[in-house]
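Read through the structure below, which is laid out as structure tokens, and then see the notes.
Read the figures in this text as sums done on the coordinates, not as results from a lab. Given the structure is predicted, the values throughout are model-derived calculations rather than measurements. Note that each Cβ is placed from the backbone with ideal geometry, even for glycine, and that neighbours are counted across all protein chains shown.
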Amino acid sequence: MANTEKVAIFLHSGDYDRIHQGLSIAAAAVASGRPALILFFWWALDRLAGNRLEPDDSDFGKWPAIAERMSEGSFPSAAALLKSARDGGAKVFACTGSLAILGHRPDALENKVDGFLGWAAILDATHGVTDRFYL
């Protein structure tokens with residue numbers, strides 16, 4: 001019997017490795033039949049709005065071998081993981097407060113999110129979820 005308990009991923013950091021890890025969790029969740037909720041805040045939201053989910057050399061700093069492996073296509077990028085998660089049914093939301101603080105307009109996220117939520121709605125949407133990941 002498949003586990004149908006929801007997984008919630010809170011993406012806050014703009015560090016590529018954290019975003020990649022969170023989106024890996026979401027893609028794995030939907031691949032195993034679990035609903036996933038991905039919530040973008042602050043610097044992760046800034047990367048999403050700025051179309052910066054593909055890695056570049058600056059994302060790996062002193063680890064050039066990692067950058068090389070990523071650029072060879074051996075591993076999916078954060079953008080590819082997000083697409084896989086969404087194709088599998090994951091729902092993606094942007095925090096309204098973070099959006100306003102960062103100065104982004106909702107249209108910067110057209111076709112990238114399923115909607116915009118404030119904290120009251122986020123608390124409702126994640127009520128009872130035990131598998132929560134904060135990155």
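Kindly indicate whether ALA26 is touching a residue at least 60 places away in the same chain (Cβ under 8 Å), of a type in the set (Gly, Ala, Ser) and assigned to a helix (DSSP H, G or I).
It is true that ALA26 is touching a residue at least 60 places away in the same chain (Cβ under 8 Å), of a type in the set (Gly, Ala, Ser) and assigned to a helix (DSSP H, G or I).
From the list ARG47, ARG52, which residue is buried (at least 16 other Cβ atoms within 10 Å of the Cβ), without any contact (Cβ under 8 Å) to a residue 24 or more places away in the chain, under 15 Å from LEU82 (Cβ atoms) and in contact with a Gly (Cβ under 9 Å, 6 or more places away or on another chain)?
From the options ARG47, ARG52, the qualifying one is ARG52.
Residues ARG34, ARG18: which one is assigned to a helix (DSSP H, G or I) and surrounded by fewer than 21 Cβ atoms within 10 Å (Cβ to Cβ)?
Of ARG34, ARG18, the one residue that is assigned to a helix (DSSP H, G or I) and surrounded by fewer than 21 Cβ atoms within 10 Å (Cβ to Cβ) is ARG18.
For residues in the stretch 102-119 being of a type in the set (A, V, I, L, M, F, W, C) and without any contact (Cβ under 8 Å) to a residue 40 or more places away in the chain, which is surrounded by the most Cβ atoms within 10 Å (Cβ to Cβ)?
It comes out as PHE116.
I'm checking my understanding of the structure. Among residues of the stretch 88-101 that are out of contact with any Leu (no Cβ under 7 Å at 6 or more places or on another chain) and part of a helix (DSSP H, G or I), which one is surrounded by the most Cβ atoms within 10 Å (Cβ to Cβ)?
Per the criteria, the residue is GLY97.
Can you name the condition, by its number, that ALA85 falls short on among (1) over 10 Å from the mean Cα position of the chain (by Cα); (2) in a helix (DSSP H, G or I)?
(1)
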